Structure formats: C-alpha cells, structure tokens
Amino acid sequence: MGGAMVTGLAATDDYDVTAIDLDPDALAAVADDADRTTDDIAAAREADIVVLAVKPKAIDAVLDDLDARPDQSLVTIAAGVPRAYVAERTDATVVRIMPNLAAKTGNMAAAATETGITDEVREMLAAVGEFVEIDEDSMDISTAVNGSGPAFVFYLIDAMKQAGIDGGLDPEQAETLAAQTFKGAAETVLDDDRDVSELIDAVCSPNGTTIEGMEVLWDSDADTAVIEAVAAAEARSRELGTQFQDE
C-alpha cells in the first residue's frame with residue numbers, strides 16, 4: 001500500500017514525496033518515483049502529511065521512533081489498528097484510512113475515518129482516486145470490500161480470461177478484453193444513475209447472448225461465494241484489531 005501511494009502521488013507532480021523504510025529493497029522499489037528515499041525516520045518530521053503504512057505488528061516500534069509534530073497529519077494504513085490507539089501515541093492529528101493498490105494508477109478506492117481527516121488529507125486522497133468518509137466502526141468491512149477487493153476482482157478477471165482462452169483467444173488478447181471489460185463496467189457503475197440491476201437489464205437483450213450467461217450466474221452460488229470472501233476478510237481485519245482493543 002505504501003509503495004502504491006508513493007507511485008500514485010509522485011505521478012501527480014503535486015507532491016514532494018519522501019519514502020522512509022529500513023528495508024533497502026523496499027526503498028529501491030520506489031526509488032524511481034519518490035523524490036528521495038531514506039532509512040532515517042527523523043525525516044518524517046519535515047513533512048506536512050506522514051503516511052504510516054506498516055504491518056500491525058510493527059506499529060508500536062514505528063510509533064516509538066516517530067517524533068511527529070502537533071501540526072502534522074498522520075495517516076495510518078495499519079490494518080486493524082484503531083485510530084485511537086495511534087492517536088494516544090503521537091502528537092500529530094491522526095486519520096485512519098484503508099486504500100488499495102490502485103492508488104498506483106490513480107484509481108484507488110479508499111475509506112477514511114471521519115475523525116481526524118483534514119482538507120489536506122482529503123486533497124491527497126482525491127489525487128490518487130476516490131474515497132469515502134466513514135465511521136471507524138465500518139473500517140473492517142471497508143478493509144474487506146476495497147482493501148482486499150482487488151484480489152477478488154483479479155480472481156474474476158482471471159476466470160473470464162481463462163474462458164476466453166478456452167474459446168480460442170490467445171492469453172494476451174483474453175487478458176486485455178477481460179480486464180478492460182471490468183474497467184469499463186466499473187466506470188459505468190460510477191457514472192450512470194441507474195443501479196447495478198438496471199444496468200444488467202440494459203445489457204441483457206431478450207433471447208440474446210448475455211441473458212443466456214446471466215441465467216447461469218443467477219442459478220449459481222457465485223454471488224454467495226463473493227459475499228463469503230468479503231465476510232472472511234472482514235472477520236480477519238476484526239481479528240487483527242483485537243490485540244489493540246484493550247490498550
């Protein structure tokens with residue numbers, strides 16, 4: 001997530017991005033995008049916005065070393081870690097977010113806690129995609145829907161790609177058509193006033209090809225499988241946070 005944010009923000013040319021990590025390989029991975037890279041966490045004190053993208057198990061060690069200013073915004077992406085847990089350990093204003101890897105291409109979907117968010121953070125999130133402001137109680141389900149969701153979509157794209165290959169397309173052709181179809185369908189959902197069921201009906205001509213395929217999906221458990229995948233990811237996000245609840 002951190003690397004995706006670095007790449008996405010750097011591409012806007014509106015941000016001066018410093019990447020900080022103790023892992024030289026992680027720094028090397030974003031060296032072409034970041035304005036500078038360093039393993040010195042003290043450099044974070046110079047920024048207006050600090051994005052804390054770490055695994056939950058590393059949160060305490062990083063916060064112990066982070067000497068943030070009261071006028072800084074600290075944006076935390078640590079899965080399952082409550083905003084209050086971080087806020088109690090820093091002088092900065094803390095907002096918790098859950099973005100996804102599409103920040104790299106400016107197509108991120110993210111959720112941010114209503115508490116702690118500033119106009120500067122709103123502008124940063126809008127620079128790399130779309131975001132919604134939510135009550136923190138909804139962060140676990142957001143983590144599942146938009147944080148884990150890209151992997152679920154990749155799975156479905158791969159299934160459509162394989163169907164294309166089975167039908168005679170070469171792999172590159174099938175992948176392009178499948179991926180672009182998902183991209184176009186998603187943009188239609190965001191831009192069209194009709195709901196998803198109405199959009200399905202708009203594509204399904206009577207006795208046509210689409211409705212034949214939709215009959216298979218309607219008769220299957222495909223929707224249930226997706227719902228269960230999201231629920232499993234949500235449960236794991238909640239589980240990751242339990243170790244911080246009594247702090």
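The values are calculated or read from the model by the stated rules, or taken from the named source; none is laboratory data. Just so we're clear, the structure is a prediction, and the values are computed from it rather than from any experiment. Glycine gets a Cβ as well: all are built from the backbone with ideal geometry, and neighbour counts include every protein chain shown. Note: accessible area is taken over every heavy atom of the protein model, side chains too, but ligands, DNA and RNA are not part of it. Shrake-Rupley method; radii C 1.70, N 1.55, O 1.52, S 1.80 Å.
At-a-glance table
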{"item": "Unique match (being out of contact with any Leu (no Cβ under 6 Å at 6 or more places or on another chain), without any contact (Cβ under 8 Å) to a residue 60 or more places away in the chain, in the same structural domain as Thr113 (by the TED database) and over 23 Å from Glu136 (Cβ atoms)) among Asp14, Asp23", "result": "Asp23"}
{"item": "Enumerated strands (runs of 3 or more DSSP E) restricted to the range 1-72, each holding at least 3 residues that are loosely packed, with under 13 Cβ neighbours inside 10 Å and in contact with a helix residue (DSSP H, G or I) (Cβ under 6 Å, 6 or more places away or on another chain)", "result": "none"}
{"item": "Residue that is nearest to the chain's Cα centre (by Cα), among those in the range 157-175 that are open to solvent by 70 Å² or more (accessible area, probe 1.4 Å) and closer than 28 Å to Ala233 by Cβ", "result": "Asp158"}
{"item": "Residue among Glu228, Glu239 that alone is assigned to a helix (DSSP H, G or I) and either modelled with pLDDT of 95 or more or in contact with a Leu (Cβ under 8 Å, 6 or more places away or on another chain) (or both)", "result": "Glu228"}
{"item": "Failed criterion for Ser138 (all others in (1) assigned to a loop (DSSP other than H, G, I, E, B); (2) open to solvent by 40 Å² or more (accessible area, probe 1.4 Å); (3) in contact (Cβ under 8 Å) with a residue 24 or more places away in the chain hold)", "result": "(1)"}
